[in-house]
């Protein structure tokens, strides 16, 4: 496999940029469309220069995003090796390339309606992984019947689909596992919670929820996670040029497995991290309590944490597990002692 630096990625793009400033301008335009002018999103899939700019930026950053997500899920790469991975709404295959980087022997099927995106994806795979087992489909109905367990990935694609179509995909493909890696926004969380309610009839949610009980979040709030990623120097420089932080990523990660799997319940999942005080570290956590998922404000006094472990504890972010022993309850929070310190 070739090193997947920006220069090497550029060698396998459909369009060669005339200058770095042209690339930066196109990435900035695409980013603006994603956040402010969403009715213009379709523009970037219709021209080679936009597809290439999208690929250049998001492939280089998604490589680390998938790896960090799988680590947060504590997902065994050997498990993935035994399944067919289906990259749903793959775009130019940024997550497909990420899977192949982690395991070049993965069997992957790409589902993408844009022929131009598929063309770009093929060029990338052929360039970096010429012997990879990758199939391409522009229509759901053309994907063959399953002959092994299937791991379905929605990588920033479910936010562009209606729920009915998402369920059509899940049912048609007979997915055994479903992973959503989506924007960490209030808007997507509303959809994610609705999807969760319906999916729980057939699936168990393995992450991020502490149990299969109803979500306790209020309608004006949302649950999301954070990934802290160290990008390569060339990627970090590009991020600075386009003024996009790709080191601290708010993200919505939901992971499902067909029912009858072994469940981990009673774990406390961090929902948000509060600013450190002079005396304590504090988080909002979601946990199974009295038969329901409940939100609790947890306070841990600094004096109960060994000094050599304080920095590591302060790195606990939204989406991480936290284990503690209850010490005291107040009206609006509880105080606990972390179990692994």
Legend entry - Cα long-axis angle, helix 233-242 against the chain (0 to 90 degrees, to the nearest 10): 90
Inset, instruction - State the extension gain, in nm to one decimal, for the chain segment bounded by residue 197 and residue 47, taking 0.36 nm per residue of separation less the distance between their alpha-carbons. - result: 50.2 nm
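Taking the highest mean first, how do the peptides 84-90, 316-322 order by number of other beta carbon atoms within 10 angstrom per residue? Please list the in-between numbers first.
Details: 84-90: 24.7, 316-322: 18.3.
Top of the packing list down: 84-90, 316-322.
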Legend entry - Degrees, to the nearest 10: 48-73 long Cα axis against longest axis of the chain: 30
Inset, instruction - Could you work out how far helix 186-199 tilts from the main Cα principal axis of the chain, as a 0 to 90 degree angle to the nearest 10? - result: 80
Inset, instruction - With label points built 7 Å along Cα→Cβ from the Cα atoms of residue 326 and residue 79, find their separation and express it in nm. - result: 3.0
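Can you tell me how the range 79-227 classifies by the Cα gyration tensor, rounded, prolate or oblate, using a/c under 1.5 as the rounded cut? Please list the in-between numbers first.
Details: a/c = 1.85, a/b = 1.72, b/c = 1.07.
It is prolate, given that a/c is not under 1.5 and a/b is the larger ratio.
Semi-axes of the equivalent ellipsoid for the range 6-258, please: Cα gyration tensor eigenvalues, times 5, square-rooted, ordered largest first, whole Å. Present the calculation step by step, with values, prior to reporting the outcome.
On the way: eigenvalues 154, 96, 60 Å².
Taking √(5λ) for each eigenvalue gives 28, 22, 17 Å, largest first.
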Legend entry - Ordering of 161-173, 103-115 by packing [mean C-beta count within 10 Å, highest first]: 103-115, 161-173
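Counting DSSP beta bridges in the chain, what percent are antiparallel, to the nearest 5?
On the way: 36 of 58 bridges.
Looking only at bridges with both residues in the chain, the antiparallel portion is about 60 percent.
To the nearest 500 deg cm²/dmol, what mean residue ellipticity at 222 nm is calculated for the chain from DSSP H runs of n ≥ 4 alone, each contributing -39,500 (n - 2.57), summed and divided by the residues?
-10500 deg cm²/dmol
Every read-out reported here was derived from the displayed coordinates using simple, explicitly stated rules and does not represent laboratory data. Since the model is a prediction, treat every value here as computed from it, not as a measurement. All Cβ positions, even for glycine, are placed from backbone atoms using ideal geometry, and neighbour counts span all protein chains on display.
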